[in-house]
Amino acid sequence: MWAVDILDEVLARAAADPVVRGVILTGSRARGTETARSDYDVTIAVAEQPQPWRHSTRTDALDEVVCTVEALTDTSVHWQRYFYRDAKVLLDRLNGGIAELIDRQATLSAEEAALHARTSLDAYVNQLYRCAKSRRDGFAEAALLDEAESLPWLLETVFALHGRLRPYNKYLRWELESFPLPGDWNTALMPDRVRTASLRLFPAVETLARCHGHAEVLEGWGSDIELIHAFAEAAGADRC
């Protein structure tokens, strides 16, 4: 009942305000993964306001953000785009325009995916190279930290190579269960497996990247790749 009251109140305010163009429910409540402590994440799109974004309400029950329609068209801030994954449009006064903007936020174009894959792949290789050097030189603790830092780049790379946004950690399992990746990736990236698998998965990421036309990123690292291969192979053998 509390949930209905909150959304009813938000929608009633929105309906009475001619400036409002749309109401969007995001977060765990939209995805059906909420707990008893989950609040309601609501974005209100308006025709105009002095600033593009502002927090209007932030309580234990409701986190309400107001933005302009123009701000909602801006897809340049990559990290926040997953926020709109599987969002629910509760009010759309633009005859489907709000829904289109939300879908655009949550979906990478082919060009965006390719660019992000290249950038993330390079960062992933860089961090694994640091990990491999630390292992080679006997700095075991540093190597573990280096590998841990490579994990976000692994996830960014693999999802981008599949044309998708990397989910927030909280929603990684939900994403894989709701929208499975092909082949072995769905199992490999499950949270209980991937958290210690970044180095071991390098050969599979390399193969995937080459298949998607990113060989030049890998070849740009020259013979340094061989050091990563050596420790990736050892990590795979240790698991076996």
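The values are calculated or read from the model by the stated rules, or taken from the named source; none is laboratory data. What you are looking at is a predicted structure, and each value in this text was computed from that prediction instead of being measured. All Cβ positions, even for glycine, are placed from backbone atoms using ideal geometry, and neighbour counts span all protein chains on display.
For region 141-152, the criterion of a residue being crowded, with 21+ Cβ neighbours inside 10 Å, in contact with a Lys or Arg (Cβ under 9 Å, 6 or more places away or on another chain) and either in the same structural domain as residue 30 (by TED's automatic domain parsing) or not in a helix (DSSP H, G or I) (or both) is satisfied by no position.
When you check residue 173 against the structure, is it touching a residue at least 60 places away in the same chain (Cβ under 8 Å) and either of a type outside the set (Phe, Trp, Tyr) or in a helix (DSSP H, G or I) (or both), yes or no? For residue 173, the condition - touching a residue at least 60 places away in the same chain (Cβ under 8 Å) and either of a type outside the set (Phe, Trp, Tyr) or in a helix (DSSP H, G or I) (or both) - is not met. A count restricted to region 199-220 and to residues that are in a helix (DSSP H, G or I) and either β-branched (Val, Ile, Thr) or in contact (Cβ under 8 Å) with a residue 24 or more places away in the chain (or both) stands at 8.
Take the conditions (1) at pLDDT 95 or above; (2) outside any helix (DSSP H, G or I); (3) under 20 Å from the mean Cα position of the chain (by Cα); residue 196 misses just one of them, which is (1).
The residues in region 53-77 that are at pLDDT 95 or above, not in a strand (DSSP E or B) and not hydroxyl-bearing (Ser, Thr, Tyr) can be counted, and the count is 5. The test for being free of Cβ contacts under 8 Å to residues at least 24 places away in the same chain and small (Gly, Ala, Ser) holds for residue 223. Filtering region 133-162 to residues that are closer than 19 Å to residue 195 by Cβ and touching a residue at least 24 places away in the same chain (Cβ under 8 Å) leaves 135, 147, 148, 150, 151, 153, 154, 155, 156, 157, 158. Comparison of 201, 227 shows that the only residue that is under 20 Å from the mean Cα position of the chain (by Cα) and modelled with pLDDT of 95 or more is 201. One residue stands out in region 153-172 among those that are in contact with a Ser or Thr (Cβ under 8 Å, 6 or more places away or on another chain) and among the aromatic types (Phe, Trp, Tyr): the one that is surrounded by the most Cβ atoms within 10 Å (Cβ to Cβ), namely 153. Checked against (1) within 22 Å of residue 165 (Cα to Cα); (2) loosely packed, with under 15 Cβ neighbours inside 10 Å, residue 72 passes all but condition (2). Considering region 173-190, the residues that are of a type in the set (A, V, I, L, M, F, W, C) and under 15 Å from the mean Cα position of the chain (by Cα) include one that is surrounded by the fewest Cβ atoms within 10 Å (Cβ to Cβ), namely 179. One residue stands out among those in region 1-10 that are among the aliphatic types (A, V, I, L, M) and more than 11 Å from residue 43 (Cα to Cα): the one that is modelled with the highest pLDDT, which is 7.
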